[in-house]
Amino acid sequence: MDTTGDIESNFDSELDCFLRACGHDDRWRVIEVLKDDDATGSTEVVVPVGASAAHGGFNSAVPRYVRKVYPVQSDGADVYEVLQRAQQVGLFSGHVPKIVECLRGPERRSVVMEYVEGPTLSEYISSGNVSPAAVKYLFLQICMAVRELHECINPPVIHRDLKPSNIIISPSGPQLIDFGIARLWHEGAECDTTHFGTRRYAPPEQFGFGQTSVRSDIYALGKVLFFCLTGRQPPNAMDVSSCEEDGVAHSIARVICKACAFDPRERYASVRELSSAVSSLPQQVWMKRPGPNSGGLLAPFDSMVNQAQGALSNARGVAGSFLRLLRRIPRWAGVIWNLLLLCELALCVMGSQFAIFYPNAFDSALPFWFRVMEYDLLTVVVPAALVSILLDKRGMWKRVPVFRNCGQLQVCLVGTGVIVMCFTVTVCASLIALPKL
């Protein structure tokens, strides 16, 4: 991913933000208060002022937004401004709710963002409808969301409160929410935080043992992976044996424990490295262990799905090996192969036309149009379709780049369509013109 310059250096002046806040303070109508705390701020669900109401209440068709109000001095409000700037220049692919406005006032700062529909990761996993095989894909998507915070912005944004309740599973993928205690990483700082965050998911450095960094979020991601696999809250200290006792495969447990090491230097250096470690784990290890709320056994449907996924993966591996073997065949051998196939097709076409125009005693009693359909369909269309599949297409891909992005099936379907169209034209021409000769 590309990085951008120091986005926070482009903020509007304090005076401009203050004037904008005064002009926009009455734009929103509160319909629900989610949290109200004098120290950390409030969270509200709002709609634009003037939005229509239905039967004296809220109209569900009106878009909802979330407004967070912070004290004037707040790292979280600074981070939201950075995220808004990043969204405006297109650095994010949709793993953070779209921020509508960030305003500064004399006593408070507010952030308004889109309301994301969907269950939290905690609710999603606790439902018991997620197979262990699906956990791998879901976790890699969450890693991608965190990677955007770390790699797309300079300096990186450290979330510092990654936990299942702060991850929304929306139709478009995981969404990270609640950046209230997030911060921008500062090089050279020794200790920037003390005693905050969710104890089970927060690393030791968030309790006064050093500066939080990207490895702090990696610690939380390891705990999140444990929760996704077991459906239970992770212990404060992680070790391989305790993970295995909770039903986690040994190879996955090692990844979790490396991510959750007490010393940040012993953790993965980046979320990209953690993602690579998870991706390299064989699919079988995600299937052997029980999933959340499964009572130690996979549901019959999940077992069938897992077996089908394993068989499909094996088939893809065999097909990939076969294709790699075919690519080693010299190009001149492919040309000779194509000439032999085309010669055989030409013989089929010539033989069918001879049988049509010079029929034997039995076929001469049949209508001409029937002979055309019989011989052309059986001895031209079918062999032509087979030839289109068996041809060495490397030369065609080189000369016609558009076919490079098409699969074998698509190319064969196009070729078969052309052959069928030519066959249809031949039959129609014979029905119209040839009986008159």
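Side notes on the structure shown:
- Per-residue Cβ neighbour counts within 10 Å put His159, His250 in the sequence His250, His159, beginning with the fewest.
- Put in line by how crowded their Cβ is, counting other Cβ atoms within 10 Å and starting with the fewest, Thr120, Thr424 read Thr424, Thr120.
- Pairs beyond 19 Å (Cα-Cα), from Lys98/Lys223; Lys136/Lys163; Lys98/Lys136: Lys98/Lys223; Lys98/Lys136
- When each of Trp337, Trp286 is scored by the number of other beta-carbon atoms lying within 10 Å, the sequence from fewest to most is Trp337, Trp286.
Each reported figure results from applying straightforward, stated rules to the coordinates on display, with no laboratory input. All figures in this text were calculated on a predicted structure; none of them were measured in a lab. We place every Cβ from the backbone using ideal geometry, glycine too, and count neighbours over all the protein chains shown.
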